[in-house]
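**Q** Pasting in a structure now, in structure tokens, and then I'll have a few things to ask.
The values are calculated or read from the model by the stated rules, or taken from the named source; none is laboratory data. Quick caveat, the model's predicted, so the values are computed rather than measured. Glycine also receives a Cβ, built like all others from the backbone with ideal geometry; neighbour counts cover every protein chain displayed. To get the accessible areas, we keep the full protein, side chains included, count just its heavy atoms, and leave off ligands, DNA and RNA. Shrake-Rupley method; radii C 1.70, N 1.55, O 1.52, S 1.80 Å.
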Amino acid sequence: LGQLDAAVKSYEKAIGYKPDYAGAHRNLSAIKRYTENDPQITQIQSLLSTSDLSQSDRIHLCFALAKAYEDLGKKDGLFKVLHEGNRLRKEGLNYSLDQDQDLHSAIRKLFSSAPSVIQQSSYKASTIRPVFIVGMPRSGTSLVEQIIASHHAVHGAGELYNLANSTSPILESHLYQNTNTLLEKDLLSIRQQYLDSLSSFKVPENVITDKMPLNFQYIGFILSSLPE
């Protein structure tokens with residue numbers, strides 16, 4: 001709501017109740033400007049000196065302290081804790097380029113020939129009309145959604161993981177079994193799960209936008225399971 005002063009007070013109150021609340025420290029750091037002798041800085045430094053922090057908490061605190069050092073112009077300290085936060089975050093993500101390449105190869109295999117499309121007789125027509133806004137991150141998807149959602153019949157739902165959640169298990173199954181044929185039951189499952197997830201919003205608008213940019217990976221699934 002843009003009520004930053006109230007947000008600061010609420011985060012400070014949360015930290016007062018639970019001084020080791022790492023998430024609150026990080027969120028607070030994002031909306032305040034630090035000055036010398038700010039007691040929160042000493043608090044974060046003290047927490048980081050302990051060894052019983054979870055990896056997630058240590059990441060939050062590193063990034064919070066980095067923001068404080070940035071405000072104070074302490075570049076050496078800034079890069080030290082930023083580097084540590086990034087190292088831990090990378091370790092936690094455990095990202096594998098090979099895994100991503102295998103995944104996209106599997107998608108290409110599934111859609112290398114004309115994809116199957118569920119027949120109209122196999123599914124029930126939906127009153128919900130999803131609109132997918134896709135592309136690379138930072139390419140203007142938020143602005144496009146704002147423009148579309150300014151229409152009275154459109155609800156802007158933001159970035160949803162719903163499609164990925166319903167598609168990923170089916171995709172992983174094909175990857176594991178090394179098959180390259182989509183079954184109608186797979187497409188019907190994706191369709192039903194996705195539309196059910198939109199129904200749960202219980203909004204009066206029939207058109208719902210989903211602006212998860214990375215849904216571009218699933219365009220084949222979208223066109224096959226939601227042919228209308």
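**Q** Within the range 178-225, track down each residue that is crowded, with 17+ Cβ neighbours inside 10 Å and on the phi > 0 side of the Ramachandran plot.
**A** If the condition is that a residue be crowded, with 17+ Cβ neighbours inside 10 Å and on the phi > 0 side of the Ramachandran plot, then no residue fits.
**Q** Okay, next question. Could you name every one of the helices (runs of 4 or more DSSP H) located completely within the range 9-88 that has at least 1 residues being buried (at least 18 other Cβ atoms within 10 Å of the Cβ) and among the basic types (Lys, Arg)? Even if it seems obvious, please write down each step before you answer.
**A** Details: elements: 22-31, 39-48, 55-72.
Here the list reads 22-31, 55-72.
**Q** Quick one: would you say Ile118 is of a type in the set (Val, Ile, Thr), open to solvent by less than 30 Å² (accessible area, probe 1.4 Å) and over 17 Å from Phe201 (Cβ atoms)? Step through it out loud before you land on a result.
**A** Numbers: of a type in the set (Val, Ile, Thr): yes; open to solvent by less than 30 Å² (accessible area, probe 1.4 Å): yes; over 17 Å from Phe201 (Cβ atoms): yes.
Answer is yes for this residue.
**Q** Filter the range 98-113 down to residues that are hydroxyl-bearing (Ser, Thr, Tyr) and outside any helix (DSSP H, G or I) and give me whichever is most open to solvent (accessible area, probe 1.4 Å).
**A** Applying the first criterion (hydroxyl-bearing (Ser, Thr, Tyr)) to the range 98-113 yields 105, 112-113.
Add one more test, that the residue is outside any helix (DSSP H, G or I), and what stays is 112-113.
Details: Ser112: 93, Ser113: 76 Å².
Step by step, filter the range 98-113, then rank; the result is Ser112.
**Q** Step by step: first the residues of the range 121-138, then only those that are over 22 Å from Ser150 (Cβ atoms) and in a loop (DSSP other than H, G, I, E, B), then the one that is most open to solvent (accessible area, probe 1.4 Å). Which residue is that?
**A** Going through the range 121-138, the residues over 22 Å from Ser150 (Cβ atoms) turn out to be 121-126, 136-137.
So of that shortlist, the ones also in a loop (DSSP other than H, G, I, E, B) come out as 123-126, 136-137.
Details: Tyr123: 40, Lys124: 172, Ala125: 84, Ser126: 42, Met136: 119, Pro137: 70 Å².
Looking at residues that are over 22 Å from Ser150 (Cβ atoms) and in a loop (DSSP other than H, G, I, E, B), I get Lys124.
**Q** Something else: Restricting the first residue to the range 136-165 and requiring it to be within 21 Å of Leu223 (Cβ to Cβ) and polar (S, T, N, Q), which pairs with a second residue that is open to solvent by less than 100 Å² (accessible area, probe 1.4 Å) and assigned to a helix (DSSP H, G or I) meet a Cβ separation below 6 Å and a spacing of at least six or different chains?
**A** What qualifies is Thr141/Pro213; Asn162/Tyr194; Asn162/Ser197.
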